[in-house]
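Where a number appears in this text, it was derived from the coordinates with a stated rule and is not lab data. Being a predicted model, the structure only gives us computed values, none of them experimental.
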Amino acid sequence: MKYSWLFLVSGVSIASSFFATASMRQYAATADTSHWTVNKVNRLSCSLQHEVPYYGDALFSVKASKNKDLTFNFDMMVRPESYDFAGVQSVPPSWRAGKPVRDLTSMKLLKKFDGELGNDSAWEMLTELEKGYFPTFYYKDWANKVDYISVALSSVNFKQAYWAFLQCRDMLLPYSFEDIAFTVMNYKKNSSELTRESRKRLEMIGEYLKNDPEIAMIEIAAYTDSYGGRAINMELSQRRAKAIKEYMVSMGVDESRILADGFGEKRHIADNDTVIGREKNRRVVIQLARQ
């Protein structure tokens, strides 16, 4: 989708060939009102926010995960009443006259939803802001058939907040709630000691628990293989479940939100006649639920 519009929007030069026949309602922060703020929730999420006066908030967000992908969201005070597309251009500020306008992407406008862009487009917008340009959105107004809308993000006061946002993103956990919400860990033979890989997994869960206050419930179920005697195995599984619970309490989880029990030789998931099967049966299953 190509655009060639040219006129001024709060210090931004924008090209326009239809200016004589259509009205343009323009929204952008001035140099005095352009503010960028960084919001973070422990090591779980970061956002970079910019208010567009009388329009809404532009929000770049990233959550804890392996890839730490970026999303852009336009929180509009008045959401679309129809389905359309908004063109997105990188527009030079008025004090950089002569620099070309560049098409970036297009954004779907969905009825009753905020505008949203994915990782690649969001990063490209940030790099244009870093260079001092104004990512600007254009679309036909759904409330007035003769009007068009332009909404510009100002690069004034951007860089310092952007650097803080990048630092916040770098500190996010490299895994998400979904990655650890259901976990199966295994034990060494005749022991309450987890295998090496399972210890690492438990440490991941512990680090996540320190950062997420919205954990509503944790269920811990421990099992054994069929060797050693049923009574001994029942006691061993309960000891394993208790040890995991105590660890999670030490990470700040309210004890009342943890259900832990041992089931001994019950509910085998593999053949106990093989070494590999017994290793699979010596397990603890951890399930997390959020509020």
Given a cut-off of under 8 Å on Cα pairs at least six residues apart, what relative contact order in percent is computed for the chain?
17
Are any of the pairs K66/K108; K68/K140; K131/K210; K40/K200; K66/K159 more than 29 Å apart by Cα-Cα distance, and if so, which?
K68/K140; K131/K210
In whole Å and largest first, what semi-axes does the C-alpha gyration tensor of the stretch 5-170 yield when each eigenvalue is scaled by 5 and square-rooted?
26, 19, 13
I need the helices of the chain that pass two filters: whole DSSP H segments spanning 18 Å or more by Cα along the axis, and mean Kyte-Doolittle score no lower than -1.0.
230-250
Helix-only estimate, please: 222 nm mean residue ellipticity of the chain, summing -39500 (n - 2.57) across DSSP H runs of length 4 or more and dividing by its residues, to the nearest 500.
-7500 deg cm²/dmol
Quick one: which residues, 5+ away or cross-chain, put their amide H under 5 Å from the amide H of D141? H built at 1.01 Å from N.
D147, Y148, I149
So, for the Cα atoms of the chain, Rg and Dmax in Å stand at 27.1, 89
What is the percent of Cα-Cα separations in the stretch 242-291 that go past 16 Å?
51
Cα-Cα separations in the stretch 177-290 greater than 23 Å, expressed as whole percent
25
Whose amide H sits under 5 Å from the amide H of A29, counting only residues 5 or more places off or on another chain, with H placed in the peptide plane?
S154
List the residues, sorted by chain then number, that are 5 or more residues from K266 or on another chain and whose placed amide H is less than 5 Å from its amide H.
T224
